[in-house]
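Asks: To start, I am sharing the structure in question, which I have written as structure tokens.
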Amino acid sequence: MRMSLRFLVVFTFLALIRPSTLAAQKELAQSPRILSAKTVYFDNQTGSDTVGNNTLAQLKKWGRYQIVADRKHADLVFLLSADPYNGGTILLSGGQTGTIDSRGHVEEDPIPHYGPQTRTRYAYLTVIDARTSDKLWSEEHAWGGLLTGFNSVGKHMVKDLQKQSNK
């Protein structure tokens with residue numbers, strides 16, 4: 001009885017939080033910078049050409065943006081990666097790792113991260129303002145498996161952005 005009561009409380013709490021998270025994501029996807037952009041540069045950093053090609057194919061199918069080959073000519077960057085976007089990771093001259101934000105401020109990591117480890121098999125799609133490097137929208141999605149599709153993780157996230165950015 002106590003276990004089912006705890007489960008009910010946790011389930012109710014999660015049910016209340018989930019819609020607000022989705023609403024916040026939809027609001028981010030309707031950012032003026034995302035809606036007014038014309039060109040995007042796609043950067044696949046997953047290490048899987050198949051996943052990257054499937055994601056790029058979905059972006060082309062959507063047809064909202066012109067995909068450019070040079071980041072300098074893009075309004076937005078669509079970054080597909082196996083690690084969350086952190087504004088840029090750097091390796092300092094002394095071997096210490098750190099991050100750099102969009103304003104150029106460097107913050108050293110207290111403990112070096114030479115090979116960032118993520119939760120097993122998750123991918124991240126991040127929409128970045130190409131001019132300022134600001135993160136405008138991001139989503140994570142389970143990567144692989146029979147139910148989610150073995151190489152369609154990026155495709156799913158592009159579809160989610162497409163749904164959220166439509167008014």
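Asks: Note down the accessible area of K163, probe 1.4 Å, to the nearest 10 Å².
Replies: 140
Asks: Now for a different question. Under a cut-off of 18 Å between alpha-carbon atoms, report the aspartates and glutamates in cross-link reach of K60, not counting same-chain residues fewer than 8 places apart.
Replies: In chain and number order, the partners are D43, D49, D70, D75, D160.
Asks: Turning to a different aspect of this structure: Return, ordered by residue number, the residues of the range 58-84 whose backbone nitrogen is under 13 Å from a label point located 7 Å along Cα→Cβ of K159.
Replies: Answer for this model: 58-59, 62.
The values are calculated or read from the model by the stated rules, or taken from the named source; none is laboratory data. None of the values given here were measured: they were computed from a predicted structure. Using ideal geometry, Cβ is built from the backbone for each residue, glycine included, and neighbour counts are taken over all protein chains shown. Just the protein is used for accessible areas: all its heavy atoms, side chains included, with ligands, DNA and RNA removed. Shrake-Rupley method; radii C 1.70, N 1.55, O 1.52, S 1.80 Å.
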